[in-house]
Amino acid sequence: MSNEITPFEAIRRTNPAGNEYWSSRDFARVLGYTDYRNFEAVIEKARTACFNSGQRVEDHFVGVTELIGIGKGGQRPVQTVMMSRYACYLVIQNADPAKEIVAVGQTYFAIQTRRQELSDEEVEAQRRLTIRLELRTHNSQLADAAKGAGVVEPRDYAMKS
């Protein structure tokens, strides 16, 4: 995919803690669902997939009440689901495959999920490297302290006083 902003990036939101999420109502519009009730069935299938994969559903699908405009400045409360990237991935996998935008979304979330996996692997590799370097430093300091205490031969390390 190119660097252009996809419809999925355009509706991505970020909370004050910096976590990204998507509104199910925005998502339904992008996917071409004109009746949100039809999209709710897709969300339910995705919730089931989330549960069956061993994930905590409430970590990925959070129900909220939003106010939407209804003309002449009025507002009406509606139920919306705030979804994590993983939730969006599951939703797009359960959406209507006849819609071209669904295929675009499946590709987008597959690529983004893989990028996140690679990023997580890099973070973990860096963490392991940092721990190894700290361990090397501590072992060196320990060896110096032992030498200063009169431990000279390797067999001296195993002896108790």
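The values are calculated or read from the model by the stated rules, or taken from the named source; none is laboratory data. Every value quoted in this text rests on a predicted model; they were computed, and no experiment measured them. As a convention, Cβ positions derive from the backbone with ideal geometry for all residues, glycine included, and neighbour counts pool all protein chains shown.
Can you tell me which residues in the range 1-13 are under 20 Å from the mean Cα position of the chain (by Cα), within 17 Å of residue 115 (Cβ to Cβ) and not aliphatic (A, V, I, L, M)? Of everything in the range 1-13, those that are under 20 Å from the mean Cα position of the chain (by Cα), within 17 Å of residue 115 (Cβ to Cβ) and not aliphatic (A, V, I, L, M) turn out to be 6, 8, 9, 12. Of the residues making up the range 139-161, those that are surrounded by 10 or more Cβ atoms within 10 Å (Cβ to Cβ), modelled with pLDDT under 75 and not in a loop (DSSP other than H, G, I, E, B) number 2.
Within the range 37-49, if we keep just the residues that are of a type outside the set (Asp, Glu) and without any contact (Cβ under 8 Å) to a residue 12 or more places away in the chain, the residue that is farthest from residue 112 (Cα to Cα) turns out to be 37. The single residue among 93, 55 that is surrounded by 13 or more Cβ atoms within 10 Å (Cβ to Cβ), part of a loop (DSSP other than H, G, I, E, B) and free of Cβ contacts under 8 Å to residues at least 60 places away in the same chain turns out to be 55.
Name the residue, out of 37, 25, that is under 20 Å from residue 14 (Cβ atoms), at pLDDT 90 or above and over 18 Å from the mean Cα position of the chain (by Cα). Matching residue, one of 37, 25: 25.
Here the range 40-81 is the region considered, the condition is being of a type in the set (Val, Ile, Thr) and over 26 Å from the mean Cα position of the chain (by Cα), and the residue that is farthest from residue 10 (Cα to Cα) is 70. Flag: residue 73 does not match the condition of being in a loop (DSSP other than H, G, I, E, B), surrounded by 12 or more Cβ atoms within 10 Å (Cβ to Cβ) and not aromatic (Phe, Trp, Tyr). Every condition in (1) touching a Lys or Arg at 6+ places or on another chain (Cβ under 8 Å); (2) over 25 Å from residue 5 (Cβ atoms) holds for residue 116 except the one numbered (2). Taking the conditions exactly as written (aliphatic (A, V, I, L, M), buried (at least 17 other Cβ atoms within 10 Å of the Cβ) and over 19 Å from residue 116 (Cα atoms)), does residue 64 satisfy them or not? Judged against the criteria, residue 64 is not a match.
Residue 109 meets each of the listed conditions (1) among the hydrophobic types (A, V, I, L, M, F, W, C); (2) touching a residue at least 12 places away in the same chain (Cβ under 8 Å); (3) assigned to a helix (DSSP H, G or I); (4) farther than 24 Å from residue 5 by Cα apart from (4).
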